[in-house]
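J.: Would you mind keeping the following structure in view while I ask a few things?
No value in this document is a laboratory result; all are computed from the given coordinates. Worth saying up front: this structure is predicted, and the values here are computed from it rather than measured. Here the Cβ positions follow ideal geometry from the backbone for every residue, glycine too, while neighbour counts run over all protein chains shown.
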Amino acid sequence: MTETLRQAQVLWDYLSARRSHAQCELLIVCGSYDLRVCDYACELLNQGVAGHIVFSGNTGNWTRHLWTRPEAEIFAERAVALGVSPDQFTLEARATNFAENIAFTRQLFAHVRSATFLTKPNSIRRVKLTLPIRWPELTAWVDAPDYGFPDGIANAVGVFGVIAEMVGDIQRIKLYPQAGFQVAADLPEAVEQAWQYLVAQGFDHHTISVQRG
């Protein structure tokens, strides 16, 4: 493994830690470029973890270049192909980031008190840090399909694309608490050092100074 991949693994391990799900009222899928998140949500639905899914997402940094329709529609189409009935899911096709995935779903399901969010493994920590701000009264878990870095990375963005995405996520974890977008999180020294190394290597395409959102 190269030094770049070793340092990126440090970020992946930090961002993807402590995935979990539990019996709840709702499964909430944060849209992305990775349809495996949809597949996993459908598995949990079939297992009876919850009785309904929300597919949330318009387009984001990646998917505006991949698809001409909202992520929620693409995911819902995939779910139907997997045998999920349309009455088992709801579309929320406005959200363009995690804060909006949470806030817009909360508007639709204000009565819900427990939910499991499904996202990419490397987005678990950011969703967890955003939840107390956007839906503080919700009992929530955050889970993801079980794949690792670098071998499990989706071809749609590639390993270098995910490294840039993770560098942007760490920057947001550092800056967003000051803006009230996320709760603060401890950043281990090894993560800070890995982040600085990868920034110096040019993996800054998804940092806020280059691309906002």
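J.: Run the numbers on segment 64-169 and let me know its relative contact order in percent, using alpha-carbon pairs under 8 Å that are six or more apart.
T.: Numbers: 74 pairs, mean separation 22.9, N = 106.
Here the relative contact order equals 22 percent.
J.: With a cut-off of 18 Å, note down the residues of segment 118-137 whose backbone N falls inside the zone around a label point 7 Å from the Cα of GLU43 toward its beta carbon.
T.: Residues 118-124 qualify, since their backbone N sits under 18 Å from the label point.
J.: Tell me the angle of helix 98-108 to the major Cα principal axis of the chain, expressed in degrees between 0 and 90 and rounded to the nearest ten.
T.: 20 degrees
J.: Right, another one. Sort out for me the Cα centre separation of segment 61-119 from segment 6-40, rounded to whole Å.
T.: 14 Å
J.: Once both labels are modelled 7 Å past Cα along the beta-carbon direction, what's the LEU5-ILE133 spacing in nm?
T.: 3.4 nm
J.: Could you tell me how many degrees, from 0 to 90 and to the nearest 10, lie between the Cα long axis of helix 3-15 and the main elongation axis, the longest principal axis, of the Cα atoms of the chain?
T.: 40 degrees
J.: Next up: Can you tell me, using C-alpha contacts under 8 Å and at least 6 residues apart, the relative contact order of the chain as a whole percent?
T.: Working: 362 pairs, mean separation 54.1, N = 213.
Normalised by residue count, the contact order of the chain is 25 percent.
J.: Where does each of PHE117, PHE75 land when they are ranked from fewest to most other beta-carbon atoms within 10 angstrom? Intermediate values should be presented prior to the final figure.
T.: On the way: PHE117 31, PHE75 28.
Starting with the residue having the fewest Cβ neighbours, the order is PHE75, PHE117.
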